[in-house]
Every structure is written in structure tokens, then in C-alpha cells.
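Undergrad: This structure is in C-alpha cells; I'll ask about it shortly.
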Amino acid sequence: MKTYRIALLPGDGIGKEVIPAATKVLERSAEGFRLEFEPFEWGCEYYLGHGRMMPEDGLELLRPFDAIFLGAIGHPSVPDHVSLRELLLRVRFGFDLYVNLRPIEILPGLESPLKNKTAEHIHMLFIRENSEGEYAGLGGRFKRGTQDEVAIQQSVFTRRGVSRIIRYAFEQARRRPRKLLASATKSNAMQYTMVLWDEVLKEVGRDYPEVSVANYHVDALAARMVTHPESLDVVVASNLFADILTDLGAALQGSLGLAASANLNPSGQPTGPPMFEPVHGSAPDIAGRGIANPIAAIWTAALMLEHLGETAAAARIMNALRAVTAEKRVRTPDLGGRNSTKEFAAAVTTAMA
């Protein structure tokens, strides 16, 4: 029987609640294969005790696994730029997980805050460049604490990095019925990085004549997501732009607790395992209360199984998830209900029976 080794990184805050809940759903979905989970207690608590977010050899410890299932990173006791860069970005950059995949859909029974917009209108797939841009970490601060202090943050765009993310986005668009791709740019103001982005978009697009392409300035694209979401299908954007736009997308879904994601290296020559994470953050204000919405983690679990090739199990999870939301009986407080994290996950598990 095929066995998949999964590294569990619950992390901080509600990550320690939603990952165990989603793991129960994963275990129930496994038919014809086995899942072996190994927990790693890395995160902000680990940092406070060891002075680092993960061990120095953390990447080597993770490398043998088939996938990484991450909960959430962050706590007020640790500066955000430390917790983000020393764990999440370290894994993304260390394993060259250059694709961040974010589905933006309305689940049955849930409503978007947009008036008169339903699941028929909001059905997007965001492709985020995950290894370059403003997150590359180049820059510095000079003359600290003086009136002449200078802070420089450099964005890095390489032809290779832009080409591979745009080509992946075209491949996704080609497989979907609408064959429609939107790109986020700001080349009117950023005359080097985003002009390169636009040029590569045109070059790669010649290989995909069946895909219709629209190139939007990022501010106009944000407005379009609100006013005409039905005009968007696959969207490709740089690291920073997509980070912002996908949180807007989660708001259109009805809650940040619905935001699932996958960090992938689809090149065929990955340097480490893919990482799957709900992107709602650690939510320290509700951590420990057992009321966090586990939908994003459960959805992310389905993305993980799909990537591993267990498409039938992934479909079982999503069908059960959609059945529970459509019933409108079991809901966590962020969706107007009173159920706990465990109760919602249990309902999804029962729906798979």
C-alpha cells in the first residue's frame, strides 16, 4: 500500500487547533493508501526557547517527507519579520517553492459580502510568484535612529523566475473551460521590474494562442475583483501584489478562514517537499478558544492530496466540505454560527461516511 510521509507543523495560535482537526479529516479520507504524520513543534514558542524559529538543519529534517502541512506562524512576542522570514520564507526559498496556488471560490451555503454576487460570479485561481519580488530580503537600514535614516527594500525579478510562473499560469488557464488569464502589473510606475514582467507575459503568451490574456494595473485589478469578479478566472501576479490581492479574494469568499493554499515546485526537479498552508494567520485573539474556522485547513488538505495524486480522496474531502456548508447547520462563529473547530471537522468527517 502506498504510504505518504507528512511533516506536520502546526506552528502558532490557531494553527495548533486547525491542523489537528484537518488531520482527522485526512485520516478519514485515506482509502487505498496510508498517511504517516510526524509533528514538528517549530514556531514562535520554539523561538522563545531556542532563539530561532526552527533548527539550523530544519530543511534537511523536512527534505525526506512527501509534503509539509503547516498551520500558522506568528505571535505578538516575536516580530513578524522574524517569524515570517525564519520559517515560512526559509522553507519556500530553501525548497524553491516558486508557485503559490490560491483558489478563490464561494462554497455552497456561504455568501459573499458582495451584493448579488454568488458562486457563479466568483471562481478564481490565483497563481502567485513565491520566490522573488519584494520578499527576496535584499536591502538595509542606514543611520538608524537619526533624522537621516534610510531604509531600502529591493525587489528582485529575474527572467527565469518571471517566465516559469507565467508559463505555469498559462498551463492552468489552458486546462480550465474559460481559458482566460489575467496578469497584475504596475509598469506605468515601475519601469524596470514590471516592464520585464509585461514583456515576458507577451513572449510566453505566444505559446498559448488559445488563452485570452488581459493585463491589468494592480489597482485596477483590485477594483475589478469587487465590481466584476465574474470577468476573472486564472490570475497571475508577483509575490507582493498577489499576497495583497488574495487576501481581498478571501474576503470575497466570506472569511479569511476559507483561504487555502499550496506552495509548489512543479518543475519536475524539486529540491524539497511541497508545503500546504491555510493562510488565515495565527489569530492570537481567538487562539485557545476552540472556535477557529478549520475550512481553510481542510481545503488545504484536499489540495495536498490532489498534488500527491490521490484525486479521489481529495474529491471526497471537498464533496464532504461542500455538503456541510450547504446544509448551513454546522458553522463556526466567523460564519455566524456557534460550533467549535472540532465540531465542524467532525461534521465533515461524518459526511465522508
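Read-outs throughout are calculated quantities, based only on the coordinates presented, and are distinct from any laboratory measurement. Not measured: the values here are computed from a predicted model. Note: ideal-geometry Cβ built from the backbone for every residue, glycine included; neighbour counts use all protein chains shown.
Undergrad: Given Cα pairs under 8 Å that are at least 6 residues apart, what percent is the relative contact order of the chain? Write down the numbers at each step before the final one.
TA: Details: 722 pairs, mean separation 82.9, N = 353.
Rounded, it is 23 percent for the chain.
Undergrad: Around residue 172, under 11 Å between beta carbons, what's the net of Lys plus Arg minus Asp minus Glu among the other residues?
TA: Once positives and negatives cancel, what remains is +3.
Undergrad: With loop defined by DSSP as not H, G, I, E or B, and exposure as at most 13 other Cβ atoms within 10 Å, which is the longest segment of the chain clear of exposed trypsin sites (Lys or Arg not before Pro)?
TA: Values: sites that count: 115, 143, 144, 178, 206, 289, 328, 329, 338.
Between exposed loop sites, the widest span is 1-114.
Undergrad: Once the Cβ-Cβ distance between residue 192 and residue 148 is put in as r, and R0 is 30 Å, what FRET efficiency do you end up with, to the nearest 0.05? Don't skip to the end; give the middle numbers.
TA: Details: r = 26 Å, r/R0 = 0.87.
In this case the efficiency is close to 0.70.
Undergrad: So what's the back-of-envelope 222 nm ellipticity for the chain, counting only DSSP H runs of four-plus at -39500 (n - 2.57) apiece and dividing by all residues, rounded to 500?
TA: My calculation for the chain gives -11500 deg cm²/dmol from helical runs alone.
Undergrad: Determine the dipole magnitude for the range 152-253: charges of +1 sit on the beta-carbon of Lys and Arg, -1 on that of Asp and Glu, nothing else is charged, the reference point is the Cα centre, and the result goes in debye to the nearest 20.
TA: The dipole of the range 152-253 has a size of about 320 debye.
Undergrad: Local charge sum around residue 14 (other residues, Cβ-Cβ under 12 Å, Lys/Arg +1, Asp/Glu -1)?
TA: For residues surrounding residue 14, the net value is -2.
Undergrad: So which helices of the chain fit the span-like rule, where a helix is a whole DSSP H run, its Cα atoms reach 20 Å or more along the axis, and its mean Kyte-Doolittle is at least -0.5?
TA: Result, helices passing both filters: 15-29, 239-253, 311-327.
Undergrad: Now for a different question. Scaled to the compact-protein estimate 2.2 N^0.38 Å, what is the alpha-carbon radius of gyration of the range 152-253, rounded to two decimal places?
TA: For the range 152-253, the normalised Cα radius of gyration is 1.04.
Undergrad: Quick check on the chain: of the DSSP beta bridges with both residues there, what percent are antiparallel, nearest 5%?
TA: If we restrict to bridges inside the chain, about 40 percent are antiparallel.
Undergrad: To continue, here is another question. From Cα pairs below 8 angstrom and at least 6 apart in sequence, can you work out the relative contact order of the range 152-253, rounded to a whole percent?
TA: Details: 108 pairs, mean separation 35.5, N = 102.
Computed over the range 152-253, the figure is 35 percent.
Undergrad: Would you mind ranking 267, 238 so that the residue whose beta carbon has the fewest other beta carbons within 10 Å leads the list?
TA: Working: 267 12, 238 28.
Taking fewest neighbouring Cβ atoms as first place, the list is 267, 238.
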